[in-house]
Structures are given as structure tokens and as C-alpha cells.
1. Looking at (1) surrounded by 15 or more Cβ atoms within 10 Å (Cβ to Cβ); (2) at pLDDT below 90; (3) within 28 Å of the chain's Cα centre (by Cα); (4) among the hydrophobic types (A, V, I, L, M, F, W, C), can you tell me which one residue 272 breaks?
2. Within the set of pairs 6+ apart or on separate chains, which have a first residue in region 214-242 that is over 19 Å from residue 9 (Cβ atoms) and touching a residue at least 24 places away in the same chain (Cβ under 8 Å), a second that is assigned to a helix (DSSP H, G or I) and among the hydroxyl-bearing types (Ser, Thr, Tyr), and C-beta atoms under 7 Å apart?
3. Of 309, 314, 297, 251, which residue is buried (at least 19 other Cβ atoms within 10 Å of the Cβ), out of contact with any helix residue (DSSP H, G or I) (no Cβ under 8 Å at 6 or more places or on another chain) and of a type outside the set (Lys, Arg)?
4. Before we move on, is residue 226 acidic (Asp, Glu), crowded, with 20+ Cβ neighbours inside 10 Å and not assigned by TED's automatic domain parsing to the domain that holds residue 349?
5. Please report, ordered by residue number, the strands (runs of 3 or more DSSP E) entirely within region 143-214 with at least 3 residues that are touching a Pro at 6+ places or on another chain (Cβ under 9 Å) and aliphatic (A, V, I, L, M).
6. Read through the list (1) of a type outside the set (Ser, Thr, Tyr); (2) surrounded by fewer than 21 Cβ atoms within 10 Å (Cβ to Cβ); (3) at pLDDT 95 or above; (4) in contact with a Ser or Thr (Cβ under 8 Å, 6 or more places away or on another chain), then give the number of the only condition that residue 218 fails.
7. I'd like the residue in region 282-331 that is in contact with a His (Cβ under 7 Å, 6 or more places away or on another chain) and of a type in the set (A, V, I, L, M, F, W, C) and, out of all such residues, is nearest to residue 245 (Cα to Cα).
8. Which residue is modelled with the highest pLDDT, if the candidates are limited to region 221-253 and must be touching a Leu at 6+ places or on another chain (Cβ under 9 Å) and assigned to a loop (DSSP other than H, G, I, E, B)?
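The values are calculated or read from the model by the stated rules, or taken from the named source; none is laboratory data. As the structure is a computational prediction, the values presented were derived from the model and not from experiment. Positions of Cβ are backbone-derived with ideal geometry, glycine not excepted, and every protein chain shown enters the neighbour counts.
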Amino acid sequence: MSTERAIEIVGVTKVFGEAAVVDDLDLTIGEGEFFSLLGPSGCGKTTTLRMVAGFERPTKGSILLGGTDITRMPPAKRPLNMVFQDYALFPHLTVAENVAFGLKVKRLGRDERVERVTSALGQMRLTGLAERRPTQLSGGQRQRVALARALVNRPHALLLDEPLGALDLKLRKEMQAELKEVHRATGTTFLYVTHDQEEALTMSDRIAVMRDGKVEQLADPRTLYEKPTTAFVAGFIGTSNLIVLEQPMTVDSLLVLDLGGGQRMTADATDAAPAGNVQITVRPERIALHTDLEASVPETHSKVIGRVVDVVYVGSTTHVTAGLPTGEQLVIHQLSDNPVLREIARDSDVLLSWAPSGAHVISTAKD
């Protein structure tokens, strides 16, 4: 991340009626960073974006752009551009005219307008579509026009409000790659809002996971996925198995819950070894599946017998759900070509195991 600060949100609160939609929010976004606000509907992410854009004014706090306080600056005066989910293109204008619209408002000379528009169309692979109307374009092409129109103004930062939400899954994945490439090519700061965790993980340098107007966790994608700090983040970012270890022992930097009969659950306690009940998270792909209930498992690994509840084929992977003696259910992801899956059926017993490094300690759980 750049040490230069592109956008700073300092102690910002936004109240509608008696409800604080954004609550004392502090964020610093680096110059040239791809930064995402991620969270469920109503968490405050879009309101935050609208306050940066100037469409909403904070109840308290301040917003800085490149070190300049823009909290009370009108939207039109801010060196920012915003891309919306519905594209907001002018249907009566051609692609080139849509892209040039902001430059005409700024009264740039014709030669510079033509140069900038030509460059933007080329960058977004729209050169051959310059004279078409929006109704003659596909959804992906319209999205690229909206991006070209925003970037042609050379904004200090680009604000994107769920811009891929209206696209089908295949096109959305293609546009994710294109957006990331545009970000690399332009070096523009991107502030991106989405509720799609896979989208955020795919594109972002850092992600702020929001909940009830606050940041639940702020980190790079890998850290958020592998080391969530709360149960909410663990559950929101991908699929996670949350397990409570009741009064585990600490043995050589491991948390160990002895279930009896040679069964146990373990977790790495290098970062923290809290007393009392402990909540851990185990990702589905970290769990090994054995039909041999006596299979050899390293002494440090978890080893527990589960009863298969469900087996769901989802293409390249198969998701197995198994109930534990502790009453919890685990989801296990296996590649669908794994031969062991042929021997598994509902109500059959399986041996589940995982390395201590595959179990992340979230917190001390309440009794």
C-alpha cells in the first residue's frame, strides 16, 4: 500500500432519524490502492461511499482527499468520479458522446477531448463501438462505457457502487479481471463497494468488512480469509466451520480438546492461548476425509469421527456435511474426482482430520 493518503475518513458518523448508519468510522485509503468496503445490506458501506462522493453529508467527522478537507465541498467540485450499478448512460448519445460528456462540461478544447476519448475507448476495448448507442451494447460493453466515462476525467479517485451487480455470473467474473487490469494500468485509487465476498477477495488490495456502521475487520484478502478476528468475518468471508472447544488444554503451543477414544480437536495457539472456552474456525478445504476410521493421523492433528448428513455435488468440488459428537456440523470441500467420495453416503461414518495450522483461534467463547 502507498504511504501517501488518497482518501481519509476521520471519525465519520451518519445519522438518519435516530439510527447511526455509519458510526464513528475511521479509514485511510492509500494512493493507487484498490480498497473495498464489504458487508451485508444495511451495514453502511454505500452510505460511506456517498459521503465520500458528496451526495450525503456526515453528521459529524471529516473526509479528506489528498490531505484537503472536502467534507462540505459540493459533489461537482470534488475531483472524483462514480460508477453506478445501473451505468447511468445517456441513451440518446453515442458511446463516444457519453464518454466525452464530462469533458464538455469542463469546457475542454475539442482536440484534447478527442484525444482523451480515443485513448479511453482504446483502453476499454471500445474503439469499434464509438458510434453505437447504449441500447445496441451488451451489459459488459455498457459497463466498460461507464468506466471509460469516469476515467476519461482523470479523477483523483474512482468510486464504484456495486458496478457488476447487474451482470450474469460469467460476465461478472470477466469484468472483475478487466477492472483489476484497468486499475493496474491507470494507477487510479479505487474505492469499491460490494456485498459479494468473492468479488472483494479477487480484486482488492485491502478490504474493510463492515457491520452495523462499523469496521469489523480491515486487512488484505488472505488475512481476512485465513485469520478472521470475529465469527462474523469468518462466516461472511467464504464458508467457515465455527467450533467451540470447551476448556481445551494447552500443550506445546497447541490447544487440545480430548474427546476420548483417541478422538481430539486441536488448533494452533501460537498467537493466543486463551483460557476457558475457545472458538475456532476451520475452512472446509482444510479438512481431510477418510473412510477408514482407523486411518493414521499425526498426533498433533485433529481426529474426530463424524456422521455424514449430506453430500452435494457442485461441479469441480463436492461438499460433504458431517455431524460431530459435540453436536456441531462441519462442511468439508473435496475435489469431485477424489475416489474416497465413491464410498461415502448419508448416515455413514467418516474420519475427519486437520492440521493445527488449519484451525484459527477467533476468540474466547462465552460459557
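1. Single failed check for residue 272: (1).
2. Going by the 7 Å Cβ cut-off, the qualifying pairs are 237/225; 238/225.
3. 297
4. Judged against the criteria, residue 226 is not a match.
5. 206-211
6. Against the list (1) of a type outside the set (Ser, Thr, Tyr); (2) surrounded by fewer than 21 Cβ atoms within 10 Å (Cβ to Cβ); (3) at pLDDT 95 or above; (4) in contact with a Ser or Thr (Cβ under 8 Å, 6 or more places away or on another chain), residue 218 comes up short only on (4).
7. 331
8. By that ranking, first place goes to 237.
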